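Worksheet: the structure to be examined is printed underneath.
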Amino acid sequence: MIPQRVIPPQLRRKAIRVLFVCLGNICRSPAADGIMHSLVAEHGVAELWTIDSAGIGGWHVGDLPDKRMRVHAIRRGYDLTHHARQVRELDFDNFDLIIGMDANNIRDLRRLAPTVEAMAKIHPISDWMGGIATPYDCVPDPYYGGAEGFEHVLTLLEDALNRLLRDWQEA
Ligand code: 4NP
């Protein structure tokens with residue numbers, strides 16, 4: 001069950017472009033990017049999905065995802081090969097949904113959005129996080145923590161992205 005429909009009807013079951021955003025673009029959003037690529041391939045709808053990720057900050061531009069994130073991801077079958085880049089104004093034209101991992105990402109994206117229409121594309125990942133059944137309202141930053149934080153990111157993302165796919169699939 002999807003707690004609420006977020007994806008507008010005109011984008012459901014049709015070509016859709018999704019940008020995942022976190023702070024550094026080396027942990028959470030490249031993991032979301034990799035998991036979503038895998039999910040749409042599994043469901044045979046990869047040709048309808050354009051998926052990318054970007055960071056609010058530019059500190060890691062060009063870098064592969066954090067080594068710890070890559071190790072935890074590959075154990076679940078996700079090979080993360082994205083190179084970090086920063087969010088740019090053009091992203092608000094090039095994507096239909098811009099999905100932030102936490103409240104700070106959402107605040108920063110709203111500051112960057114050039115128009116009201118652009119602002120309407122911004123969504124927190126928590127829109128697909130199981131509503132009242134989950135104690136989490138974001139995907140927490142694992143960067144300064146231990147291994148369990150990276151596992152937790154992957155578990156939260158797998159659940160949310162399955163819901164995102166179902167939101168898009170159901171008429
Ligand atoms: P991410 O994690 O936003 O999930 O990629 C972070 C990675 C690096 C930094 C912060 C968060 N940093 O400050 O360098």
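Readers should treat all values here as calculations from the given coordinates under stated rules, not as data from a laboratory. All of these numbers come straight from a predicted model, not from anything done at the bench. So basically every Cβ, Gly included, is an ideal-geometry build from the backbone, and we count neighbours across all protein chains shown.
Some points to look at:
For every residue, the table says whether it meets (1) within 13 Å of the chain's Cα centre (by Cα); (2) within 14 Å of the ligand (Cβ to nearest atom).
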| position | (1), (2) |
| --- | --- |
| A113 | no, no |
| A120 | no, no |
| Y144 | no, yes |
| A160 | yes, no |
| W168 | no, no |
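- Hey, M101 touching a strand residue (DSSP E or B) at 6+ places or on another chain (Cβ under 9 Å) and within 12 Å of the ligand (Cβ to nearest atom) or not: yes
- At least 1 residues being surrounded by fewer than 19 Cβ atoms within 10 Å (Cβ to Cβ), free of Cβ contacts under 8 Å to residues at least 60 places away in the same chain and aromatic (F, W, Y) is the threshold, and among the strands (runs of 3 or more DSSP E) wholly inside the stretch 46-155 those reaching it are 49-55.
- Within the stretch 28-45, considering residues that are on the phi < 0 side of the Ramachandran plot and over 14 Å from the mean Cα position of the chain (by Cα), the one surrounded by the fewest Cβ atoms within 10 Å (Cβ to Cβ): E42
- Unmet criterion (only one of (1) at negative phi; (2) assigned to a loop (DSSP other than H, G, I, E, B)) for N25: (1)
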